[in-house]
1. Would you please name the residue that is nearest to Ala171 (Cα to Cα), looking only at residues in segment 184-205 that are without any contact (Cβ under 8 Å) to a residue 40 or more places away in the chain and of a type in the set (A, V, I, L, M, F, W, C)?
2. Could you list, in sequence order, the residues of segment 164-194 that are charged (D, E, K, R) and either on the phi > 0 side of the Ramachandran plot or buried (at least 17 other Cβ atoms within 10 Å of the Cβ) (or both)?
3. What are the residue pairs meeting all of these: first residue in segment 58-74, first residue within 17 Å of Val37 (Cβ to Cβ) and outside any loop (DSSP other than H, G, I, E, B), second residue modelled with pLDDT under 90 and among the hydroxyl-bearing types (Ser, Thr, Tyr), Cβ atoms under 9 Å, and 6 or more apart or on different chains?
4. Going by the structure shown, is Val130 aliphatic (A, V, I, L, M), closer than 22 Å to Cys22 by Cβ and either free of Cβ contacts under 8 Å to residues at least 12 places away in the same chain or surrounded by 14 or more Cβ atoms within 10 Å (Cβ to Cβ) (or both)?
5. Being assigned to a loop (DSSP other than H, G, I, E, B) and closer than 24 Å to Thr51 by Cβ is the filter here, so list the residues in segment 10-36 that pass it.
6. On the basis of being at pLDDT below 95 and under 23 Å from the mean Cα position of the chain (by Cα), does Arg237 make the cut?
7. Any residue that is more than 19 Å from Lys225 (Cα to Cα) and assigned to a helix (DSSP H, G or I) - is there at least one of those in segment 159-167?
Amino acid sequence: MITVDPQHLNLRPGQKVLDLGCGEGRHSIHLMITDEVDVYGIDLCLDDVCTANERAEPFNNSEHAKGRLLLGVANGLQLPFADATFDVVICSEVLEHIHEYKAVLAEIDRVLKPSGIFAATVPAYFPEWVCWQLSDAYHQVEGGHIRIFRERELRQSIEALGHHHFARHKAHALHAPYWWLKCLFWDKPDNRLVKAYHRLLVWDLMKRPALTRVAEKLLNPLLGKSVALYFVKAEQRAPEPLGLAGEVNP
């Protein structure tokens, strides 16, 4: 289950992709399988990186993988990469966990090439707001969500770095009611409704029947659990030529 739509990434063979906050590898592994790109999956949590590595192992060096995947542990505030390293950066469901999220955006801007694509996803405002109303524990757990983003706020923060917004969509509408139920019965993890809805989501993920696919597409604009925003970084302008006396030539 991926949140970022690869069609908006304009991927080409040989490109380098950074999946910042890759978690257990859902986007990293997907792109390794589908595109001839080098994917770098980075996360602060070693356990998640190890899980991602285990999940990617069956596809490494096999006919099922078109690209390559490198996983590692790193801090988004100090990325271990040179300036302008990546053609594409993905940061999915990460920024809502970080106090200094603008510093992470600045690091993303630093490692992204001019004209590179940046895809950011965060929980959509309304479904997330409902979760916060139903359960304090939902967002007060260690490593949990520390803010609810308004889409305009996040978009303006990224545009301030010189990135041009060109696409957006919402995703996972069928997951919003599940999280509302989970929050409502937070202290009762064995609740029958929560378990039944979870089985429905697993069935939908595995079978992908046309009925639920159409239903989610129709519901996403209103109930989509996540909002995805896509940007292209501005090209660097060449410096103006200087005259003999250090003046700009006419």
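1. Selected residue: Leu201.
2. Lys170, Lys182
3. As it stands, the answer is none, since no pair meets every condition given.
4. No, not satisfied.
5. Residues satisfying the conditions are Gly21, Cys22, Gly23, Glu24, Gly25, Asp35.
6. no
7. Among the residues of segment 159-167, at least one is more than 19 Å from Lys225 (Cα to Cα) and assigned to a helix (DSSP H, G or I), which makes the answer yes.
One line per residue, one yes/no per condition, for (1) assigned to a helix (DSSP H, G or I); (2) farther than 24 Å from Ile98 by Cβ:
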{"site": "Ala120", "(1), (2)": "no, no"}
{"site": "Cys183", "(1), (2)": "yes, no"}
{"site": "Leu200", "(1), (2)": "yes, yes"}
{"site": "Met206", "(1), (2)": "yes, yes"}
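The values are calculated or read from the model by the stated rules, or taken from the named source; none is laboratory data. What you see is a predicted model; the values in this text were computed from it and never measured. Every residue, glycine as well, gets a Cβ built from its backbone with ideal geometry; the counts of neighbours run over all protein chains shown.
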